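The values are calculated or read from the model by the stated rules, or taken from the named source; none is laboratory data. Quick caveat, the model's predicted, so the values are computed rather than measured. Cβ coordinates were reconstructed from backbone atoms using ideal geometry, including for glycine residues, and neighbour counts include every protein chain displayed.
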Amino acid sequence: MAKTNITLYSSTPSSNTDINSINIDENCPASGLNNAIRELMAHLKNVDTGSQALTSPSFTAMSTDTISEKTSANGVSIDSVTLKDGELGTSASPVPINSSSLNGGQFGGRRNIVIGGCMRVAQRGTSFTLGNASAKYPVDRFFVQDVNSSSGEATVSQSTTAPTDFKNSLKIDVTTADTALVADDQYKIEHRIEGQDIAHLNFGTSSAKTVTLSFYIRSNKTGNTQVGLMNSANNRAYVATFTIDSANTWERKEITIAGDQSGTWLDTNGIGLRLRWGSYGSTYQTSSVNQWVGSNVISRNDSPINFFDSTDNELYITGVQLEVGSVATPFEHRSFGEELASCQRYFQLGGVCTGRTYSDSQAELYYPFQSTMRSAPTISLFGAGNDVSDTTGIAHISGVGNFNLSSLSGGSLTKTGCILSIGTAGGMGGGNIVGIRGTPAQMDAEI
């Protein structure tokens, strides 16, 4: 057949013996080659102008067990995973596609609203006797408190018992039991979040966001317990219930909470949100759990664990994370330096500063804080009476000597610094330049 257009050409070179009946076979006359080339050029031009259509290519259909195209209502299924309308997952339980649902590590950036949730920073010390009423901070930003009870006692500490990927936890070790909680008893671990750090949650409005709280907990006790969320006025509360299933075993708890659309939630530098774990008397117990209520309740009432009913009891907690959304992502580990700096907004120890003596036993020094504090802090002496070998603070005057501090106070207080007034037993002389080294002062701006 004469090859009258390009679609009749063969992909086998030896089969192409003519171009529109012009002989181009082996040993063809040389006189025919010019005409053959001209004819070929005409065929190509016909393709270029569209007057000669090319043969449509064929495709092998994709296997339906690899990907099944669905209608827009059903989305697309790939190996039983459905992608539809911005959601990913099985058709039975799709998850919105966002930084939370895709996050297997640090992809979503800073997510954790809680400061100090890894329990690594402990500026005040690492072990305290609980006592009655006074809050103790074995780690920064988390305090333990015995309210209204004079029976139970415990040692609270920063512990090295921790789950995988963590170094520390907060530990309560009961040393005196309280076997029968009275109505107003509270044994609690509390973390307070500044209002400015929850402003984006829009609590108290119709735009309140869902949040997810996760943490690791361990105890020799098993059974029903809870974590409470409360506002600054203690008149909006959510008692989130969970169980400790296995004794002496780290368990991660994940609790999703719809944002509160009622009440007053501060967005200032005051208390925005409280998180509370522990054991409470009947005054603070409720059957209205896993919902927001307008009252000061912290505990479930269906035989919750009394963590203080035996001196054998221990309670540990770490890895506390609160984040926006309905998915609990892996704990956000921040650098120690970053976590320390965040904690110093609320509490910090004084360091090196200089000033001048104005009497034989008194001096004034300017101290710039290590970071801007939440508010102008209260200042007190940290470790008074320590000698020169100690690291908690001494006054030094070149050529005169070292002096233990007997008193310390702060004046002209701001969020960024203050004037420290110090007192010693005497011998400093008037008008001398004096320096302080170590950590003589503690600045407290906790909420």
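Assorted remarks:
- Test: Leu275 is closer than 30 Å to Ala376 by Cα and in contact with a Gly (Cβ under 7 Å, 6 or more places away or on another chain): no
- Complete set of residues in the range 375-408 that are surrounded by 14 or more Cβ atoms within 10 Å (Cβ to Cβ), closer than 11 Å to Met443 by Cα and at pLDDT 90 or above: Ser375, Ala376, Pro377, Ile379
- Scanning the range 396-410 for residues that are assigned to a strand (DSSP E or B) and either touching a residue at least 24 places away in the same chain (Cβ under 8 Å) or outside the structural domain of Thr357 (by TED's automatic domain parsing) (or both) returns His396, Ile397, Gly401, Phe403, Ser407, Leu408, Ser409, Gly410.
- If you go through the range 291-322 and keep only what is within 29 Å of Asp165 (Cα to Cα) and in a strand (DSSP E or B), you end up with Glu314, Leu315, Tyr316, Ile317, Thr318, Gly319, Val320, Gln321, Leu322.
- Odd one out for Gly270 among (1) without any contact (Cβ under 8 Å) to a residue 40 or more places away in the chain; (2) farther than 20 Å from Phe308 by Cα: (1)
- Hits in the range 318-329 (condition: more than 13 Å from Arg218 (Cβ to Cβ) and either buried (at least 23 other Cβ atoms within 10 Å of the Cβ) or under 9 Å from the mean Cα position of the chain (by Cα) (or both)): Val320, Gln321, Leu322, Glu323, Thr329
- Residues being in a loop (DSSP other than H, G, I, E, B) and surrounded by fewer than 14 Cβ atoms within 10 Å (Cβ to Cβ) - total across the range 18-36: 6
- The set of residues in the range 323-339 that are part of a loop (DSSP other than H, G, I, E, B), without any contact (Cβ under 8 Å) to a residue 40 or more places away in the chain and acidic (Asp, Glu) is empty.
- Within the range 136-151, considering residues that are part of a loop (DSSP other than H, G, I, E, B) and at pLDDT 95 or above, the one farthest from Ile193 (Cα to Cα): Asp140
Residue-by-condition table, conditions (1) within 30 Å of Gly410 (Cα to Cα); (2) assigned by TED's automatic domain parsing to the domain that holds Ile217; (3) surrounded by fewer than 16 Cβ atoms within 10 Å (Cβ to Cβ); (4) charged (D, E, K, R):
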| residue | (1), (2), (3), (4) |
| --- | --- |
| Gly270 | yes, yes, yes, no |
| Asn313 | no, yes, no, no |
| Tyr316 | no, yes, no, no |
| His333 | no, yes, no, no |
| Asp360 | yes, no, yes, yes |
| Leu365 | yes, no, no, no |
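- Yes/no for Gln106 being at pLDDT below 70 and in contact with an Asp or Glu (Cβ under 8 Å, 6 or more places away or on another chain): yes
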